[in-house]
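Okay, so here's the structure we're looking at.
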Amino acid sequence: DTDCSFRNTNIRLTLPVVCFVWQIAMIILFGVFIRYDEESDTHWVETKAHDNITSDIENDFYFRYPSFQDVHVMIFVGFGFLMTFLKRYSFGAVGFNFLIASFGLQWALLMQGWFHSLDPQTGKIFIGVESLINADFCVAGCLIAYGAVLGKVSPVQLLVMTLFGVTLFAVEEYIILNLLHARDAGGSMVIHTFGGYYGLAISRVLYRPNLHQSKRMQGSVYHSDTFAMIGTLFLWMFWPSFNSAITDHGDGQHRAVINTYLCLASTVLTTVAISSLSQKTGKLDMVHIQNSTLAGGVALGTAAEFMISPYGALIVGFFCGIISTMGYIFISPFLEKTLKIQDTCGIHNLHAMPGVIGGIVGAITAAAASESVYGKQGLINTFDFTGDFKDRTVLTQGGYQAAGMCVSIVFGVVGGAIVGSILKLPIWGDPADENCFDDEVYWELPDEEEEHQESIPPILEYNNHMIHKQQDL
Amino acid sequence: DTDCSFRNTNIRLTLPVVCFVWQIAMIILFGVFIRYDEESDTHWVETKAHDNITSDIENDFYFRYPSFQDVHVMIFVGFGFLMTFLKRYSFGAVGFNFLIASFGLQWALLMQGWFHSLDPQTGKIFIGVESLINADFCVAGCLIAYGAVLGKVSPVQLLVMTLFGVTLFAVEEYIILNLLHARDAGGSMVIHTFGGYYGLAISRVLYRPNLHQSKRMQGSVYHSDTFAMIGTLFLWMFWPSFNSAITDHGDGQHRAVINTYLCLASTVLTTVAISSLSQKTGKLDMVHIQNSTLAGGVALGTAAEFMISPYGALIVGFFCGIISTMGYIFISPFLEKTLKIQDTCGIHNLHAMPGVIGGIVGAITAAAASESVYGKQGLINTFDFTGDFKDRTVLTQGGYQAAGMCVSIVFGVVGGAIVGSILKLPIWGDPADENCFDDEVYWELPDEEEEHQESIPPILEYNNHMIHKQQDL
Amino acid sequence: DTDCSFRNTNIRLTLPVVCFVWQIAMIILFGVFIRYDEESDTHWVETKAHDNITSDIENDFYFRYPSFQDVHVMIFVGFGFLMTFLKRYSFGAVGFNFLIASFGLQWALLMQGWFHSLDPQTGKIFIGVESLINADFCVAGCLIAYGAVLGKVSPVQLLVMTLFGVTLFAVEEYIILNLLHARDAGGSMVIHTFGGYYGLAISRVLYRPNLHQSKRMQGSVYHSDTFAMIGTLFLWMFWPSFNSAITDHGDGQHRAVINTYLCLASTVLTTVAISSLSQKTGKLDMVHIQNSTLAGGVALGTAAEFMISPYGALIVGFFCGIISTMGYIFISPFLEKTLKIQDTCGIHNLHAMPGVIGGIVGAITAAAASESVYGKQGLINTFDFTGDFKDRTVLTQGGYQAAGMCVSIVFGVVGGAIVGSILKLPIWGDPADENCFDDEVYWELPDEEEEHQESIPPILEYNNHMIHKQQDL
């Protein structure tokens, strides 16, 4: 009983208050800071005339909107359904993913705006389609972190985690992309490494020694695994859009798509191979197929826009499939037992480790770039060697890429540890150990009694029938 | 027995006859009236030379096709899966949605063509990608209406409802957009208000006082709620495409996307807040998450292309989440009890009410438009103050917007009442009260006997085992 | 026991070996042959300057990427989920589809590259977004064939089938498109007819006289049918992108979309009509709705880019819905009984037959083309009457279209017979007759014991309760 009152999961006060207050804050801050950029403002007709732009199709909207929509699907359907694999946490997976992404993208527009695009003259942030993509990217970091604590936290904790996650993201992104001038279009470092370690650190701080009490809820059922494949496939299919969404117009987007497409195909084959090897009779494990097949996309986040060449992309995918699947088999149990990190979705194997690989691949590929391969102007465009950075060499660039990698790890680990401590306060309504991974805690579930009486009557009738027969014998 | 013959649900004659005859009629009418427009005709190469168009990408196809595909997904997967929440009506939800949308879009191309783009010289209707989008939009109105009568009507009734619905839609759309010259790119009035009241009026006329006889079938089960979230999310994610699909090239599409994206994010937070407040321990209700989170998209249908500003969009979403969720809690029971409107999916809360809000927001935003915000040319472009309407003021425009709002309500209510009376005739094969919400009536269901013996044997074996144990005691 | 050792389904050696060796072979061959094309290479900036291209949007990426992503969804979610209808083969359906498509697209880039775009000077294959689409198309042929043997083969057999399938595809495609110079943008002949007969021939060679031993697993359950509708709808919605993905820029893509959109809508109505006619009380059959509604898209694969006119597209869809549904009712049982072809998904009715219809429609439409309808330049563009083929008449073109049709059938039947013989070798780990259609063979399934004890306890408790009550009586 004491324990029960300690784990008070009543969120009728906290959840509505947080939602209302934060949403009102968003409205006020948007009113003060956020405006349409010149390509989405009705004055565009004048801008066009002034800049001698002859066609409406020269609006950034037409370069990026299809990719944006693919990324949007990844955030809401991809991440949401990937987490529905648990037998009784589909509502929480899809529903809380929906909630925190919706809050996070608003806060991201502000945070990223202040750091990246605050106009010094007007004090305003001007947003367009690229801002929306970046906001979705920023949210992705927090959704990755959600994977580590799936089923063990309350929606209020998730909102707090997202508030700080987006804030930390904007800062580390500013350091990595602007100060260090590292390149990271698909976010191997900025999104996946940061998000992965952020989630793992939080999960470490929130370690539950008695989590085995909800062991009965930790597995999947047949249909929940099928639902999760919807998430996997939409992430897998649209990852080329993710890695190309904000790369350079023209060949930049084109090349990032080809590289990611190839890398992911390669990952699938090695994931299947290792998964089959891991079982006595060569059977496949759905956990691996659902997750490790995506590791190649993570690992090509930095280098997707580089001239890594098609076979280079295949090689990255080849090793990521192996490493990620082995992570699920060997590293996850080790992390839980030794380091006390309970990682529900295995984000260490899908995001943290492949993200680090991606950072390293990016650093090496950048350091190995040459004018003979890229062309003089191509090299300048790809690494943005302009302005303050016009004299930077590719070797130096490789070094800064590696430095960026470290920044993202440090922000993830330290940030996660601090935020985890905040989330440990006994005020957030998180579930007791024996109620983890159960939608019952935060959702009105369909009336089961009704269901048994009505929707599956034939089973019962059949059983009744058998009972009679048994008794007749 | 008398009752049984009265509710004859045998549709083996009526359904095939309606499908065949109507489809043949479509072929004949398309043969007489429908032709490719100049951008989809092989003569495009000559048109390009004549109009001095230098690139193939200046074809409207490239401005609108990505949005069209998103809208197409909303119509078939979005609306279809949103309605799968009932425990045993998933086939009817997805399947009948598929059927009536497929018929409706053909009839819409004709009806909208006759009213909007019949070429007076040739007597032909020339269609392109924008026509396809408009046909999908028109169909959306009827699918909204389907939500009110879900589970209570036969597929033949749905086809009749769609035939008249599309017809009424084309007329009210012509009055609102062409005669009143109101703007309504995302269809708050034309699509959602009309469709909502059309469905509610039909449901009122078809009132079933004994519907409680099928109460056992009216709830959801765990997996059916998860399926419904697929519908919710695809509607939510692609709504920016819906509201921007037919707006002006360039900044018009760009701005409509930003506004809708923000508005919907805001709606999610207030929906969650109210849903949590409505339960004793703050638990969330899937009905609210599945539906009310979309209300912001509906309410921004008219104003999405206006300079409502980012914080304005957030405010609209803020209130729509509140109002729509409270609608599910308070208004729906009231409508059923007092006004005898049985609204299966709660379209009053998701479409009718938010649609009216959208019309009002549109009227106010239009009336408040100014040259200082829009720019001289921007104001003309946004409100299409050209030709006969070149001297119209924004205040007048606001008035006409409000008038358009009223037209859509009147068409919905009166049209629905008349069509409802037609659907009340005892010839359409609708189900008896005790068989509502049951796929069994119109679908060959998987053989349950087989299923119990084979696909869930472990349960039975387990039970058998227990039975033996019980008897041993 | 002898039988059991004969049907050794242990694939722990073969599956990993095939995956690893083939993936390494891909990496080596890509290293030797595959390079970025000029539009995806960093030298694009120089190409642009050289060719006087003024805007980045004149990159083929922006013409084709949205269509590519739609096709990609069709391949992985469309084909994958369409096959989840079986009650216990969803993992195999989605998972093996994922595996063979990921391998197939790599091999297709090489095979199609060698036949279609090997640069004679450099000995390299240059790839861009159109190559990715073609690789996905090529894979589609093999996934169609998978439908015929679904549930009866091992993943190793599927990989072998894909290796040879892609190889045969590239050859027949070269003969049909390059040597015969037939047009087939949506692949009625090249993809669907070939893939259909390839799968049927393999299934014939692998005929299992005792397949009835797994009859209990051959049906669907309620939720598996709902999952399959996800596949159906994504195929149906994105088919316009499939048929237009590689057609000419501008009016070519625009027209192919309109034709396919209309054709598919028409198919839905006649499918419903015939399905309803086939049952005593007019009930609909999910098998028909899931499959036959797609036949119109198949049958318009060749003619989609022609001036078949909107009503022509409706007519094709009209007949395809009828023929395909009747195929499920009458022809499939006949094929199984008389010709010993066990066709799990009915690909004969969805791909083979509609593919042949599509080839014939294409031949007739081509032969009937005229300068008055197409315009002089339009006719040349549509049929590519340039270079060696500049003097070809439309009648001759019609003849070559028909010849292409025959080539695809011959390649399918003969190729399938040979590959089937290879797959008959007792080394591939295929399941015994009584274990067909069961994921248990190749997948680690969720622990059922756990599931019964925990996730559905109320049923058992309820039953227990009843048992007690029974015994009290």
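The values are calculated or read from the model by the stated rules, or taken from the named source; none is laboratory data. Note that this is a predicted model, so its numbers are computed, not measured. Neighbour counts are summed over all protein chains in view; Cβ atoms, including those assigned to glycine, are modelled from backbone coordinates with ideal geometry. Ligands, DNA and RNA are excluded from the accessible area calculation, which covers all protein heavy atoms including side chains. Shrake-Rupley method; radii C 1.70, N 1.55, O 1.52, S 1.80 Å.
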Inset, instruction - Check whether at least one residue in the range B:279-299 is facing another protein chain (nearest Cβ under 8 Å), in a helix (DSSP H, G or I), within 24 Å of A:Ala108 (Cα to Cα) and hydrophobic (A, V, I, L, M, F, W, C), and report yes or no. - result: yes
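If we scan the range B:390-397, do we find a residue that is of a type in the set (D, E, K, R) and within 13 Å of chain A (Cβ to nearest Cβ)?
Step one: of the range B:390-397, the residues of a type in the set (D, E, K, R) are B:390-392.
Within this subset, residues satisfying the condition of being within 13 Å of chain A (Cβ to nearest Cβ) are none.
Checked against the condition, which is being of a type in the set (D, E, K, R) and within 13 Å of chain A (Cβ to nearest Cβ), the range B:390-397 yields no hits at all.
Which of the residues belonging to the range A:99-140 are among the acidic types (Asp, Glu) and either within 24 Å of B:Ser244 (Cα to Cα) or touching a helix residue (DSSP H, G or I) at 6+ places or on another chain (Cβ under 6 Å) (or both)? Reasoning before the result, please.
Step one: list which residues in the range A:99-140 are among the acidic types (Asp, Glu), which gives A:119, A:130, A:136.
Selection gives A:Glu130, A:Asp136.
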Legend entry - Only listed residue being farther than 30 Å from C:Val373 by Cα, modelled with pLDDT of 95 or more and within 14 Å of chain A (Cβ to nearest Cβ), chosen from C:Trp428, C:Trp443: C:Trp443
Inset, instruction - Test B:Ile202 against the stated conditions and say whether it is in contact with an Asp or Glu (Cβ under 9 Å, 6 or more places away or on another chain), more than 9 Å from every other protein chain (Cβ to nearest Cβ) and open to solvent by less than 10 Å² (accessible area, probe 1.4 Å). - result: no
Inset, instruction - Identify, from the list C:Ser266, C:Ser220, C:Ser241, C:Ser224, the residue that is touching a Gly at 6+ places or on another chain (Cβ under 6 Å), within 9 Å of chain B (Cβ to nearest Cβ), among the small types (Gly, Ala, Ser) and touching a residue at least 24 places away in the same chain (Cβ under 8 Å). - result: C:Ser266
Inset, instruction - Please verify whether the range A:17-40 includes one or more residues that are farther than 30 Å from B:Gln253 by Cβ, surrounded by 24 or more Cβ atoms within 10 Å (Cβ to Cβ) and at pLDDT below 95. - result: no
Legend entry - Complete set of residues in the range B:367-386 that are out of contact with any Leu (no Cβ under 7 Å at 6 or more places or on another chain), away from chain A (no Cβ under 13 Å) and of a type outside the set (Val, Ile, Thr): B:Ala368
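Within the group B:Arg12, B:Arg7, which residue is of a type in the set (Lys, Arg) and facing chain C (nearest Cβ under 7 Å)?
Numbers: B:Arg7 fails: facing chain C (nearest Cβ under 7 Å).
Within the list B:Arg12, B:Arg7, the selection yields B:Arg12.
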Legend entry - Complete set of residues in the range B:59-73 that are more than 7 Å from chain C (Cβ to nearest Cβ) and either within 18 Å of A:Val71 (Cα to Cα) or at pLDDT below 95 (or both): B:Ser67, B:Phe68, B:Asp70, B:Val71
Inset, instruction - For the range B:308-328, state whether one or more residues are part of a loop (DSSP other than H, G, I, E, B) and either buried (at least 24 other Cβ atoms within 10 Å of the Cβ) or in contact with a strand residue (DSSP E or B) (Cβ under 9 Å, 6 or more places away or on another chain) (or both). - result: yes
Legend entry - Near pairs, Cβ below 6 angstrom, 6+ apart or cross-chain, from the range A:309-324 (facing chain C (nearest Cβ under 10 Å) and without any contact (Cβ under 8 Å) to a residue 24 or more places away in the chain) to any residue that is part of a helix (DSSP H, G or I) and crowded, with 24+ Cβ neighbours inside 10 Å: A:Tyr311/C:Phe30
Inset, instruction - Confirm whether B:Val77 is under 19 Å from the mean Cα position of the chain (by Cα), within 7 Å of chain C (Cβ to nearest Cβ) and of a type in the set (A, V, I, L, M). - result: yes
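Return yes when C:Ser214 is of a type in the set (S, T, N, Q), open to solvent by less than 10 Å² (accessible area, probe 1.4 Å), more than 7 Å from chain B (Cβ to nearest Cβ) and out of contact with any Gly (no Cβ under 9 Å at 6 or more places or on another chain) and no when it is not.
no
Hey, among B:Thr393, B:Thr382, B:Thr365, which residue is open to solvent by 30 Å² or more (accessible area, probe 1.4 Å) and either in contact (Cβ under 8 Å) with a residue 24 or more places away in the chain or not aliphatic (A, V, I, L, M) (or both)? Break it down into steps so the answer makes sense when it comes.
Working: B:Thr382 fails: open to solvent by 30 Å² or more (accessible area, probe 1.4 Å); B:Thr365 fails: open to solvent by 30 Å² or more (accessible area, probe 1.4 Å).
Of the residues listed, the single one that is open to solvent by 30 Å² or more (accessible area, probe 1.4 Å) and either in contact (Cβ under 8 Å) with a residue 24 or more places away in the chain or not aliphatic (A, V, I, L, M) (or both) is B:Thr393.
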Inset, instruction - Please tell me if A:Ile360 is open to solvent by 20 Å² or more (accessible area, probe 1.4 Å) and under 20 Å from the mean Cα position of the chain (by Cα). - result: yes
Inset, instruction - Go through (1) over 30 Å from A:Glu58 (Cα atoms); (2) assigned to a helix (DSSP H, G or I) and name the single condition B:Gln342 misses. - result: (2)
Legend entry - For A:Ser244: the one exception among (1) within 15 Å of the chain's Cα centre (by Cα); (2) open to solvent by less than 10 Å² (accessible area, probe 1.4 Å): (1)
Inset, instruction - Could you grab me the full set of residues in the range B:148-192 that are in contact with a Pro (Cβ under 9 Å, 6 or more places away or on another chain) and part of a helix (DSSP H, G or I)? - result: B:Ser188, B:His192
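Within the range C:248-268, how many residues are assigned to a helix (DSSP H, G or I) and either in contact with a strand residue (DSSP E or B) (Cβ under 7 Å, 6 or more places away or on another chain) or open to solvent by 10 Å² or more (accessible area, probe 1.4 Å) (or both)? Can you show your working first?
Of the residues in the range C:248-268, the ones assigned to a helix (DSSP H, G or I) are C:251-268.
The next check asks that each one be either in contact with a strand residue (DSSP E or B) (Cβ under 7 Å, 6 or more places away or on another chain) or open to solvent by 10 Å² or more (accessible area, probe 1.4 Å) (or both); those that pass are C:251, C:255, C:258.
The number of residues fulfilling the criteria is 3.
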Inset, instruction - Identify, by number, the condition in (1) modelled with pLDDT of 95 or more; (2) more than 18 Å from C:Ala303 (Cβ to Cβ) that C:Ser455 doesn't meet. - result: (1)
Inset, instruction - Among the helices (runs of 4 or more DSSP H) lying completely within the range C:359-455, list those that include at least 2 residues that are touching an Asp or Glu at 6+ places or on another chain (Cβ under 7 Å). - result: C:376-383, C:394-423
Legend entry - Neighbours by Cβ (under 7 Å, 6+ apart or cross-chain): first from the range A:190-212, under 12 Å from A:Phe169 (Cα atoms); second at pLDDT 95 or above and of a type in the set (D, E, K, R): A:Val190/A:Glu172; A:Val190/A:Glu173; A:Val190/A:Asp184; A:Phe194/A:Glu172
Inset, instruction - Would you be able to say whether some residue in the range C:159-168 is within 30 Å of B:Leu159 (Cα to Cα) and in contact (Cβ under 8 Å) with a residue 24 or more places away in the chain? - result: no
Inset, instruction - Output the number of residues of the range A:98-138 satisfying the condition of being free of Cβ contacts under 8 Å to residues at least 40 places away in the same chain and within 10 Å of another protein chain (Cβ to nearest Cβ). - result: 4
Inset, instruction - Look at the range C:27-58 and say how many of its residues are at the interface with chain A (Cβ under 7 Å from one of its Cβ atoms) and either free of Cβ contacts under 8 Å to residues at least 12 places away in the same chain or in contact with a Ser or Thr (Cβ under 7 Å, 6 or more places away or on another chain) (or both). - result: 10
Inset, instruction - Could you please let me know if B:Gln106 is open to solvent by less than 10 Å² (accessible area, probe 1.4 Å), of a type in the set (S, T, N, Q) and closer than 22 Å to C:Gly250 by Cβ? - result: no
Legend entry - Flag for A:Ala417 being open to solvent by 30 Å² or more (accessible area, probe 1.4 Å), at pLDDT 95 or above and of a type outside the set (D, E, K, R): yes
